[in-house]
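Rule-based calculations on the coordinates, nothing more; no lab input. This structure is a prediction, so every number in the text was calculated from the model and none was measured. When we count neighbours, we look across all protein chains shown, and the Cβ atoms used for this are built from the backbone with ideal geometry, even at glycine.
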Amino acid sequence: MKYKNPVIKGFYPDPSVCKVNGKYYLVCSSMQYFPAVPLFESEDLINWKQIGNCLTRESQIALRGVNSSGGVFAPTIRYNNGRFYMVTTNSTTQQNFYVYTNDIYAEWSEPIYVNQGGIDPSLYFEDGKTYFLSNGSDDIGVEGITQCEIDIETGEKLSPSVNIWQGTGGRYIESPHMYKIGEYYYLMVAEGGTEYGHMVTYARSKDIYGKFESYPYNPVLTNRNLGGFEIQGVGHGDLIQDEYDQWWILHLGFRQIDQWLPYHHLGRETFLTPVYFNKDGWFTAGYNGTTIHEFEVKYPSKITQLEQKVYTFDNTNLKLDWLHIRIPNMQDYYFYDNTLTLIGTHITLDDVDSPTFIGLRQKDFDATATCDISVESGLGGITIFMDEQQHYDLYVKKLDNSYTITEKLNVGDIKHIQNSISIGEYSSITLEVTSNNFAYTFSAIVDGTKHILGTAQTKYLSTEVASGFTGVIIGLYAQNGTSKFKNFRLEYLS
Ligand code: 6LW
């Protein structure tokens, strides 16, 4: 059976997975975006469908005013005694908390906070006990992976937070997950930081509090030594066993725009890598410890990898697939008669706030996004948005008795109007953004005549330029007035 990586494309980092009643459920981090913590379902670990978000109410997550790449960091999803738990960190308020649900297709609970610091919290259940793990320092200041026991009903700490492993010496040890496999407890982590030095390491012990013995050949998975290879940043994974006793790791990684151009703008994505246990209970992963574009594994059943190539208002759910920057004022958004009306405020895309914006994560390099627009007042358009400092905008602005159509490039302190055309009254405007690995092209079709306004390189929206933990969002937005959008269509061409 062959499959291609990533299995979940676009800004879907820090995956965590569990298996319940023959189905797999996976969550990802989402930083400043809302709704938060996208939730996926799969029957084969290769084809994933987003079925919701865990944090859909402001009472669950405080995002107002958080910096870009602040907010919701890595989550973990686990299942115990008929209940799903999702534990994560609000990195801005530095709070670890979990929510739960008894119905994976329904809403999740109000947050329950845990008084252990660090980030990347995880849960492990055994014999009626709940263990809470995170990175950071323990109660006597020892840095590394920290563990305590909690009361899962209240979140109360029932034991001191103690360090159980300090990793293999890589910087930024994080992403701890505990597993009981056979007679051993396996503790798997990420080290090296979520960029080019990222790696997965692990250790095992017969006692849940250690002493943990490192796998002798750590890192078990990394692409840090693959020069000239597009997939990089491999790390932050969760182990899962399928119904054929094959083990897998779902983990993050990112795709450079080219094998020799170390820029990635799609964000960190979710990859699937096979894992193999050997006779003495250690496991290896991937192709000689690396993750590659396509894996072929001996597998008892034929799985067809499917991919949605076209996204429209009709085949997406505005409340589920789309996302806002921080907490939106939903009075400024309404959808009726296949028309999305956005009421823009004074808040702009440059503000660390919540502009009137709704978008989809860009999932691949080769794409075309089009949308019909009519601007009643102010301005509205399409934005290729990495964060408030780095975004490319194609917008229509209403003047007294004319309009302008403008391509504006925002990269750090540079806010450059690349091109702007003036038009009078019009009967139709379709905005179009096309992209490939290297550049975006911005156009407007006005009453059937296409005006190409210009191009802009993808690399200036990359994480290497912007820093942070997110990826490009293709967004519709409005400022200082009302814009209406119809016939949105995002098509992936490769
Ligand atoms: C995530 C942590 C990390 O919680 O980045 O760099 C955070 N490492 O594992 C956000 O993705």
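General observations
- Debye log10 I(q)/I(0) at q = 0.06, 0.07, 0.11 Å⁻¹ for the chain, Cα point scatterers: -0.28, -0.37, -0.89
- Lysine pair count for segment 385-474 [Cα-Cα under 19 Å; pairs on different chains or 8 or more apart]: 7
- In the chain the longest region clear of trypsin sites (Lys or Arg not before Pro) that are loop-assigned by DSSP and have at most 16 other C-beta atoms within 10 Å covers 320-494.
- Modelled FRET efficiency - R0 45 Å, Ile51 with Ile421, Cβ distances, 0.05 increments: 0.55
- Applying D = kT/(6 pi eta Rh) to segment 306-388, where Rh is the Kirkwood radius over alpha-carbon pairs, T corresponds to 20 °C and eta to 1.002 mPa s, the Stokes-Einstein value obtained is 151 µm²/s.
- The aspartates and glutamates whose alpha-carbon is closer than 16 Å to the alpha-carbon of Lys206, local same-chain residues fewer than 8 away aside, are Glu126, Asp127, Glu183, Asp280.
- Modelled spin-label separation between Asn67 and Gln241, with each label point placed 7 Å from Cα along the Cα-to-Cβ direction: 4.2 nm.
- Label point 7 Å beyond Cα of Thr93 along Cβ direction - residues of segment 312-351 with amide nitrogen under 16 Å: 326-328
- Projected label points at Lys157 and Leu261, each 7 Å from Cα along the beta carbon direction, are separated by 4.9 nanometres.
- With Rh defined as the Kirkwood radius, the inverse of the mean 1/r over Cα pairs, the Rg/Rh of segment 1-138 is 0.96.
- FRET efficiency for the Leu320 to Lys450 pair, using the beta carbon distance and R₀ = 35 Å, is estimated at 0.60.
- Looking at segment 360-408, none of the GluC sites (Glu not before Pro) sits in a DSSP loop with at most 11 other Cβ atoms within 10 Å of its own Cβ.
- Gain upon complete extension [Ser137, Asn81; 0.36 nm per residue less C-alpha separation]: 17.1 nm
- Förster radius 41 Å - calculated FRET efficiency between Ser214 and Thr304 (Cβ-Cβ, nearest 0.05): 0.60
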